[in-house]
Amino acid sequence: MMGVQGCLRFFEEISRIPRASGHEEGIADYLTGFAAERELWFHRDGMHNVYIKKPGGPGAETLPPVVLQGHTDMVCAAEPDIRHDFLTQPLDLYVEGERLRARGTTLGADNGVAVALMLALLDDRETVYPPLECLFTSQEEIGLKGASALDPALITGRRMINLDAGPEGTFLIGAAGGLNLHMEVRTFRQVLPPGSKFFHIGVQGLQGGHSGADIGKERANAIKLLAMILAALKREKLDFTIAGIQGGAASNVIPRECSAMICLPAAESAKARELLAAVIRDMKLMFAAGEPGLCIEVKDGSLPDIAAFDLGDGAGAVLPDGVAERLINLLNLLPTGRLRMSGDFPDLVALSLNHGVIRTKPGAVELVVSLRADTAPALKTLAADISRLAACLGAENIRPADPYPAWAPKPTGELCAFMSEVFRGLRGQEPLIQAVHAGLECSVIVSLIPDMDIVAIGPDMGLYHTPDEWLDLRSFVRTQEYVSEVLRRMAGAR
């Protein structure tokens, strides 16, 4: 059997290659070069999806192919004080105990583990496997775009192991569908009277996380929390408006940071400081248990600071009072977090919404929210309801984007039964058969190839989509060993 360090070696290699979503050219070059060196069939399409096929080993040449699949791109997020160019710089890996991390940035274990595992299996010349078809897809993190562009005619296998899941010992057989809703609060800018005072309010230090897999863990949303602060100031009759607001890294990330610049008459400064101190105490008390790292900073601001919000219409302009009030109401009254639990799987969220990104731009403040649901009818209803509510609260130009289908569970699938038998033999325990409240490329692939039988697995990892992301190294190696054994058994070995 192949060396157990194969997946670790390849993970280290691909971590030197920038692979932000939408910029997969470098990793695609690496993959096609890998295949060419080993004289393996490969194809690269216009989306930088890469297909690599490996013939079956001796005696297994004519067996049905097995498809392995994962995505090459990663969410790029860094700590506020870390300057990292994800388009040019490699990740700075380090080991902490039994966990692999990246210094100050996301690790890219989501889904670098799949890329490394497939490379290790393709590189293994000792173990007899059935024919392998490895799919390395692009732009998963920004709407499953690579998978949507796959050519199903190039895929002959009808059993697929997706490697974008986990934790170890969990077999996923279903996933949520979802979409993003973009909406705007349209505005014009009014020039400030002389002597106005600015305050910069920043929320940071939250756990964040994946807007699907972590949405049921009651983690605070920085956009929502900042909106609560602004609403509390309005309740106390503080005379302020908003000069700019921005927060969030992507729609599929629970925001860790959000900031706003507020503007008020200089005579209100003392009252503002007193109210902000009281509101911050309340917020920290409310979120003390779930968000121990919460930090809310208030600093004096100035006209030049407004440039950080990219308004594009000159310093000294702010949102009119009525527009600011409408924005605050929208952010506070739109729900966020889990909305309904599943009736089929324990502890699984079935319906959710995440305030993902907010930004101030010329003429509008834009909000992007991520909706997820376990069925297509539920998603359609949620999107319609949220759109109507947002419109009632003053939002305009409400439009859906980046939809992806749900993957309906098949508890009696043959592949799941076979993989469960191998798992029991290796570990002496039953795997957990589960669905996930997240978008997986399995959903898209099943829509393209309806008779594809899929199980999604992965190693122990956590806090993905955040700079605190980690990968358990021992679990990673065990996952490689398990997948290798599944394929070896498929080739007829016992």
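The values are calculated or read from the model by the stated rules, or taken from the named source; none is laboratory data. Keep in mind that this is a model prediction, so the values were computed, not measured. With ideal geometry, Cβ positions are generated from the backbone for all residues, glycine too; neighbour counts draw on all protein chains shown.
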Handout entry: Residues located in segment 155-166, provided they are part of a loop (DSSP other than H, G, I, E, B) and among the aliphatic types (A, V, I, L, M)
Key = ILE155, LEU163, ALA165
Problem - Selection from segment 437-494 of residues that are assigned to a helix (DSSP H, G or I), among the β-branched types (Val, Ile, Thr) and closer than 24 Å to TRP407 by Cβ - result: VAL444, ILE445, VAL446, THR479, VAL483, VAL486
Handout entry: Single condition ASP124 does not satisfy, out of (1) in contact with a His (Cβ under 9 Å, 6 or more places away or on another chain); (2) over 30 Å from ASP374 (Cβ atoms); (3) not hydroxyl-bearing (Ser, Thr, Tyr)
Key = (1)
Completion exercise
When segment 185-201 is checked residue by residue, the ones that are at negative phi and in contact with a Pro (Cβ under 9 Å, 6 or more places away or on another chain) are THR187, PHE188, ARG189, GLN190, PRO193, SER196, LYS197
Practice task
Go over the candidates ARG424, ARG399, ARG338 one by one and state the one that is surrounded by fewer than 13 Cβ atoms within 10 Å (Cβ to Cβ), part of a strand (DSSP E or B) and at negative phi.
Solution key: ARG399
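Using the structure shown, decide if LEU471 is in the same structural domain as VAL115 (by TED's automatic domain parsing), under 22 Å from ASP110 (Cβ atoms) and in contact with a helix residue (DSSP H, G or I) (Cβ under 7 Å, 6 or more places away or on another chain).
Yes.
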Handout entry: Output for segment 30-45, where each listed residue is in contact (Cβ under 8 Å) with a residue 60 or more places away in the chain and in a loop (DSSP other than H, G, I, E, B)
Key = ARG38, LEU40, ASP45
Exercise for the section: Enumerate the pairs (first residue in segment 156-181 and over 17 Å from PRO450 (Cα atoms); second residue anywhere and assigned to a strand (DSSP E or B) and aromatic (Phe, Trp, Tyr)) with beta-carbon separation below 7 Å, excluding pairs fewer than 6 apart on the same chain, so at least 6 apart or on different chains. Expected result: GLY178/TYR404
Completion exercise
When ASP453 is run through (1) within 22 Å of THR412 (Cβ to Cβ); (2) within 17 Å of the chain's Cα centre (by Cα), the failure sits at (2)
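Given the criteria closer than 22 Å to ALA77 by Cβ and modelled with pLDDT of 95 or more, does ASP164 qualify?
Yes.
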Practice task
Select, from ASP110, ASP124, the only residue that is surrounded by 18 or more Cβ atoms within 10 Å (Cβ to Cβ), acidic (Asp, Glu) and within 19 Å of the chain's Cα centre (by Cα).
Solution key: ASP110
Practice task
Give ALA456, ALA390 a once-over and let me know the one that is assigned by TED's automatic domain parsing to the domain that holds LEU331 and crowded, with 21+ Cβ neighbours inside 10 Å.
Solution key: ALA390
Exercise for the section: Test SER251 against the criterion of being at pLDDT 95 or above and either assigned to a strand (DSSP E or B) or not acidic (Asp, Glu) (or both), and give yes or no. Expected result: no
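What about ALA227, is it assigned to a helix (DSSP H, G or I) and of a type in the set (Gly, Ala, Ser)?
Criteria met by ALA227.
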Problem - Residues of segment 31-50 satisfying the condition of being crowded, with 21+ Cβ neighbours inside 10 Å and out of contact with any helix residue (DSSP H, G or I) (no Cβ under 7 Å at 6 or more places or on another chain) - result: LEU31, ALA35
Exercise for the section: Could you tell me which numbered condition ASP385 fails, if it satisfies all but one of (1) crowded, with 23+ Cβ neighbours inside 10 Å; (2) without any contact (Cβ under 8 Å) to a residue 24 or more places away in the chain; (3) charged (D, E, K, R)? Expected result: (1)
Exercise for the section: State whether the residues of segment 220-242 include one that is at positive phi and either in contact (Cβ under 8 Å) with a residue 12 or more places away in the chain or outside the structural domain of LYS299 (by TED's automatic domain parsing) (or both). Expected result: no
Fill in the blank from the handout: Given (1) closer than 29 Å to GLY108 by Cα; (2) hydrophobic (A, V, I, L, M, F, W, C); (3) touching a helix residue (DSSP H, G or I) at 6+ places or on another chain (Cβ under 6 Å); (4) modelled with pLDDT of 95 or more, LEU226 misses just (3)
Handout entry: Single residue of segment 255-277 satisfying the filter (charged (D, E, K, R) and touching a helix residue (DSSP H, G or I) at 6+ places or on another chain (Cβ under 7 Å)) that is surrounded by the fewest Cβ atoms within 10 Å (Cβ to Cβ)
Key = GLU257
